[in-house]
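*Asks:* Mind looking over this structure? Questions follow.
The values are calculated or read from the model by the stated rules, or taken from the named source; none is laboratory data. All figures in this text were calculated on a predicted structure; none of them were measured in a lab. Every residue, glycine among them, receives a Cβ derived from its backbone with ideal geometry; neighbour counts consider all protein chains shown.
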Amino acid sequence: MIKLVSSNDFDWSEIPLSLMKVPSTGLDRGWLEKRAGVMCKEIADLRPEQGRTLVHVLAIGDTEKTGANRNGDGFSSYWNNKNHYYFTKHAHVYQNHKNHDPKLSVGGIKLSAYNPEMGRIELVLSLDNVKCAEAVNKLENGEDIAVSMGCKVAHDVCSICGHKAPSPRDYCSHAKLAMGKVLDDGRQVYVDNPDPHHFDLSVVPRPAERTAFSFRKVASAAAAMSSTILFKEAGLM
């Protein structure tokens, strides 16, 4: 099962993407400790790259800290800590999920880390200034952009009944009819995603257009649309 997750679908207390201006002497220590303390040592060693822009990303939050995201997908602290390295091992930066060929990538993922205090995966991207000109310009002008990330899971698990579903066709009634809803007893309906394998990170440069921006689930009268269905309907690889 393939899931699509946007950096803007979590309830962060700060903007998810932050431009990193790297002088020849290295990044400011105060900025490091405030924004990316978990990667202080690694980021402190970064230096400017010709024709590239570095971006710090709040990627995926722990269910225990941020709750399930707006798509009704949850990612536990255990798996975020264990699997964040898949971003640097297997993923590249693409435009709009055109991810079938790494040669089409428009950047790379230099660093990944799990931040246990903040409960999230953090990344450092290296974007090509020509191929990602629109996104880089927006960030330099203080405008918001988002990235959305693809991951594969063997199945997801209903937070209410524990049903394991290898595809949306196999969802229980909770996931089919009440995704994202809070029940009378206070429990939220979402699906947990064990052992996610992250393989794609795409720049989606038009925040004014909700579906093009992050391919978020669209709420209906009954429930939110599955991120797997959304991924398929968007015609993505």
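*Asks:* Contact list please: Cβ distance under 6 Å, first residue in region 65-76 and over 18 Å from TYR114 (Cα atoms), second residue in a loop (DSSP other than H, G, I, E, B) and at pLDDT 90 or above, pairs at least six apart or on different chains.
*Replies:* Within 6 Å, the pairs are GLY72/MET179; GLY72/GLY180; GLY72/TYR190; ASP73/ASN193.
*Asks:* While we're on this one: With VAL147, VAL157 as the choices, which residue is outside any loop (DSSP other than H, G, I, E, B) and without any contact (Cβ under 8 Å) to a residue 60 or more places away in the chain?
*Replies:* VAL157
*Asks:* So if I check each of SER167, SER112, SER173, which one is at pLDDT 90 or above and buried (at least 20 other Cβ atoms within 10 Å of the Cβ)?
*Replies:* SER112
*Asks:* Something else: Looking at region 176-191 only, could you name the residues that are surrounded by 20 or more Cβ atoms within 10 Å (Cβ to Cβ) and within 20 Å of ILE2 (Cβ to Cβ)?
*Replies:* Within region 176-191, MET179, TYR190, VAL191 meet the criteria.
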